[in-house]
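Each remark here refers to the structure printed beneath this line.
What follows is calculated from the coordinates using simple rules that are stated; it is not laboratory data. Everything numeric here is computed off the predicted structure, so don't read it as measured data. Heads up, the Cβs are rebuilt from the backbone with ideal geometry, glycines too, and the neighbour counts pull from every protein chain shown.
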Amino acid sequence: MNWFVLVASGLFEAVWATALGQSDGLRKPIPSLIFVVASIISLGGLAWAMTSIPTGTAYAVWTAIGAVTTTVWALATGAEKATTVKLLCLLGIVACVVGLKVTS
């Protein structure tokens, strides 16, 4: 269950990061509210997951899920341009997260 919570928390990290980027320095109310709510959910889930998953592993997985999801969303919406190097780097992050799960 804690791994499920960790993955969900990583996805909420992507939500708050995207909302923060759209908030214009926390000046736009709706993206700012989404940022605050998603941050609380994301960090709360990370804290819960860390009750049974080692801190280093949990934090690395949480960060990687958030980073990859945020980047994939930006690529899908056209906010960022996809390049071969960028896609290979994202695959490398995913491979490392899988490695952490397998070894923990």
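For residue 28, the amide hydrogen comes within under 5 Å of no other amide hydrogen, counting only partners 5 or more places away or on other chains and with H modelled in the peptide plane. Here the calculated FRET efficiency for residue 93 and residue 26, from their Cβ-Cβ distance with R0 = 35 Å, stands at 0.80, rounded to the nearest 0.05. Considering the stretch 47-104 at the alpha-carbon level, its Rg and Dmax are found to be 13.2, 38 Å.
Averaging the sequence gap over all C-alpha pairs within less than 8 Å and six or more residues apart, then dividing by the number of residues, gives the chain a relative contact order of 32 percent. Annotation: amide H of residue 80 within the under-5 Å range of 75, sequence separation 5 or more or interchain, hydrogens built in the peptide plane. In order along the stretch 81-88, the Karplus-derived 3J(HN,Hα) couplings, from 6.51 cos²θ - 1.76 cosθ + 1.60 at θ = phi - 60°, round to 8, 7, 10, 4, 5, 4, 5, 5 Hz, and Gly and Pro are given as x.
Expressed per residue, the C-alpha convex hull volume of the chain stands at 96 Å³. Annotation for residue 3 and residue 79: the two label points, set 7 Å from Cα along the Cα-Cβ direction, are 3.0 nm apart.
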